[in-house]
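The values are calculated or read from the model by the stated rules, or taken from the named source; none is laboratory data. Keep in mind that what you see is a predicted model, and the values were worked out from it rather than measured. Here the Cβ positions follow ideal geometry from the backbone for every residue, glycine too, while neighbour counts run over all protein chains shown. SASA here: full protein model, heavy atoms, side chains in, ligands and nucleic acids out. Shrake-Rupley method; radii C 1.70, N 1.55, O 1.52, S 1.80 Å.
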Amino acid sequence: MSPAEAQSRIAELRATVARHDELYYRRARPEITDFDYDRLKEELAGLERLFPEAARAAGGETPTQRVGDDRTEGFVRVKHRQAMTTLDNTYDEAELREFHARLVKALGTEELVYTVEPKIDGVAVSLTYEQGRLVRAVTRGDGEEGDDVTANVRTIRGLPVALKGAPVPAVIEIRGEIYLREEEFRRINQLQEEAGEAPYANPRNLAAGTLKALDAAFVAGRRLEIVCYGLGHCDPEVVDAQTAFRRQLEAWGLPVVAAFWSVRGIDAVWAAIGELDRIRRDFPYGTDGAVVKLDAFAQQRHPKIGYRGMTADGRAEAARKLSPRWACAFKFAPDRAETRVRDITIQVGRTGALTPVAELEPVFLAGTTVKRATLHNADEIARKDVRVGDAVLVEKAGEIIPAVVAVLLEKRPADSAPYAFPRRCPVCHTAAVRGEGEVVWRCPNPHCPEKVRRRIEHFASKGGVDIEGLGEEMVALLLQHGLIRTIPDLYRLTVADLLPLKKSGEVWAANLIAGIEASRTADLWRVVFGLGIPQVGAAAAKDLARTFRSLDALAAATTADLLRIGGFGEKTAAAVVAWFAEPENRTLVSALQAAGVTPTAPAAASSALAGKTFVLTGTLPTLSREEATAKIEAAGGKVSGSVSKKTHYVVAGEEAGSKLEKARTLGVPILDEAGLLALLAGSS
Ligand code: IVH
């Protein structure tokens, strides 16, 4: 490559990487995989090393000399006491060994002790505890200064607001990673799709998007979690090594990484990485690699080690510290395989959403055979230009959901044509519609046989009224034989109706009828969930059941009634009202009631707290935040993360801050711990 060619490639890569940084860090909507991103960045860094002149001449800032910036509008910016750096990545064992060789040379000993732990694929935050109390949570930002996301981070249930036990430093910055579990990711994405919005590609993006939401009550409705692994500023110092730090985090009651090795020498590091790779799929978070750190802080701080972005004597080489030389991330290559798209089919969902699916030539990938992968929606297909006949790479993103990550254009058949998204429902042939601003095309026909089938299936499913034996196949069979047409028809089935369906059917038929019978008195929330109201997942259905206690009361609820439920925003409230306003849906509810479905309302909560929303702030004298929350919830109340007009009580302890002020401004009643306990005892 000539210097001129290098210069133009460098300029091109800088622009490309900067664009992907923006998509990943600020918008949480990356268009390429981490693996492909890392490859682009590696190519850029390599060229900058080989052609320093060309790199200077290419002009502009280079993304290799800064950390991806996540700062967005709407947040207060806060400076970190100690810079939040990133880590150097490698996918290569030899490079990992070079990392060790450099440290051996600098420290003059082979006997280096390292820690090995999972690299969590989430969003980094820095938590500041002062005198043991959580006062602030800040995103990495540009490494020096990040966004204040304290209100949102306070909604995380497993994160203590006060450190337990001693020693408690005056000020400490603790670094961790915010993530969402796979099941929570699926739950939210389903709601997202039902609402006609683009689903998130993976739990990391969804966690990033959620952390940057501007309404803490909304964030509280999504179960973010956190795991802590790193130390920033600490005064006074309380530990002298990574191993001791992890023990201390645990003693303080903070969630720590699921697996951790402390080993001597690079061979042992390599063995630990192998072990991690074998167990990481069982972790609650996505683990995209291993982080290897020098254990002893004295060694980390040795003048010959320090940070990339600084010279050996500590002078800044780049604008800021970039990544520590005492740590290295070894990334696991993604589970990927090449296969071919046999066909693109359209799946019709319960709400009529038309989801394109790539039907693949079966390929073995990370332990399972993959035959299908979702293509999400028409825009996604167009963006990737996936065509029938294409050779594609499929990846198991987040280990579970197979996705088409790239089309191998060089292998594209000459006669291929761009995929034309159907304008009609493939099942009932009704013209598809697409709402204003929505990405999803839908079949609008309420009687579309596929929608009907899916609605019945959803009603009977485990998350719904849970009728054993009434799965996908059985629902299809009942429909085929004309035994049912709607959900209420289930309740008119008899053993005699079912007998002809199977050869030796007696026991089976009796069991299915018994299951259907039992579901007549299913918990109210299951029935509400089973109705398939857009935006209403299990958590919202439970809130609705607790608040309204009957289908009739729920059907009569107004937008204002619904907005009084903590965590219910305009969108959910509007979706519920709109659903019950549809004559078809009203008919469904009355038909269920006429068929003898009498759902069971939740056990009556202590009358004082039922449907009341609480906000906790500051430290209570005896109850921890978790204990107070549990007591309030057990009495039928709800705990929310932020104060609004809808808040019924603010429970304030010592060092309560802005929430207390806001409660005063809004005139929300304020309780102390004794007041809360009195209320709980029903004597208030
Ligand atoms: S230590 C000095 N440990 O990965 C750098 N980071 O790609 C301190 N990360 O910025 C980082 N899991 O957000 C560390 N076990 C772990 C981690 C971890 C995930 C993140 C962190 C970091 C990024 C680097």
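Structural remarks
- Considering only residues in region 112-127 that are open to solvent by 10 Å² or more (accessible area, probe 1.4 Å) and out of contact with any Gly (no Cβ under 8 Å at 6 or more places or on another chain), the one that is nearest to the ligand (Cβ to nearest atom) turns out to be 123.
Per-residue answers, yes or no, for (1) within 16 Å of the ligand (Cβ to nearest atom); (2) closer than 26 Å to residue 24 by Cα; (3) of a type outside the set (Lys, Arg):
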residue	(1), (2), (3)
136	no, yes, no
153	yes, yes, yes
156	no, yes, yes
167	no, no, yes
183	no, yes, yes
186	no, yes, no
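- Contacts under 8 angstrom Cβ, first residue in region 30-44 being farther than 13 Å from residue 336 by Cβ, partner of a type in the set (Gly, Ala, Ser), 6 or more apart: 30/201
- Taken over region 260-299, the residue count meeting the criterion of being surrounded by fewer than 20 Cβ atoms within 10 Å (Cβ to Cβ), touching a residue at least 40 places away in the same chain (Cβ under 8 Å) and under 21 Å from the mean Cα position of the chain (by Cα) is 3.
- Residue within region 521-534 that is more than 20 Å from residue 452 (Cα to Cα), free of Cβ contacts under 8 Å to residues at least 60 places away in the same chain, β-branched (Val, Ile, Thr) and out of contact with any Gly (no Cβ under 8 Å at 6 or more places or on another chain) present: no
- The residue of region 600-617 that is nearest to residue 517 (Cα to Cα), among those that are modelled with pLDDT of 85 or more and open to solvent by 20 Å² or more (accessible area, probe 1.4 Å), is 600.
- Flag for residue 141 being in contact (Cβ under 8 Å) with a residue 24 or more places away in the chain and within 16 Å of the ligand (Cβ to nearest atom): yes
- Which listed residue is among the basic types (Lys, Arg) and surrounded by fewer than 20 Cβ atoms within 10 Å (Cβ to Cβ), from 157, 222: 157
- Any hit, region 492-511, residues being among the hydroxyl-bearing types (Ser, Thr, Tyr) and surrounded by 13 or more Cβ atoms within 10 Å (Cβ to Cβ): no
To keep it simple, each residue is scored yes or no on (1) within 30 Å of residue 500 (Cα to Cα); (2) crowded, with 18+ Cβ neighbours inside 10 Å; (3) polar (S, T, N, Q).
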{"site": "390", "(1), (2), (3)": "no, yes, no"}
{"site": "396", "(1), (2), (3)": "no, yes, no"}
{"site": "433", "(1), (2), (3)": "no, no, no"}
{"site": "457", "(1), (2), (3)": "yes, yes, no"}
{"site": "478", "(1), (2), (3)": "yes, yes, no"}
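- In summary, residue 492 fulfils each of the numbered conditions (1) in contact with a Pro (Cβ under 6 Å, 6 or more places away or on another chain); (2) over 17 Å from residue 466 (Cα atoms) with the single exception of condition (1).
- Verdict on residue 72 being away from the ligand (no atom under 16 Å from the Cβ), touching an Asp or Glu at 6+ places or on another chain (Cβ under 7 Å) and within 18 Å of residue 30 (Cβ to Cβ): yes
- Pair list, Cβ under 6 Å, 6 or more apart: region 324-353 residue free of Cβ contacts under 8 Å to residues at least 24 places away in the same chain, other residue in a strand (DSSP E or B): 347/355; 347/357
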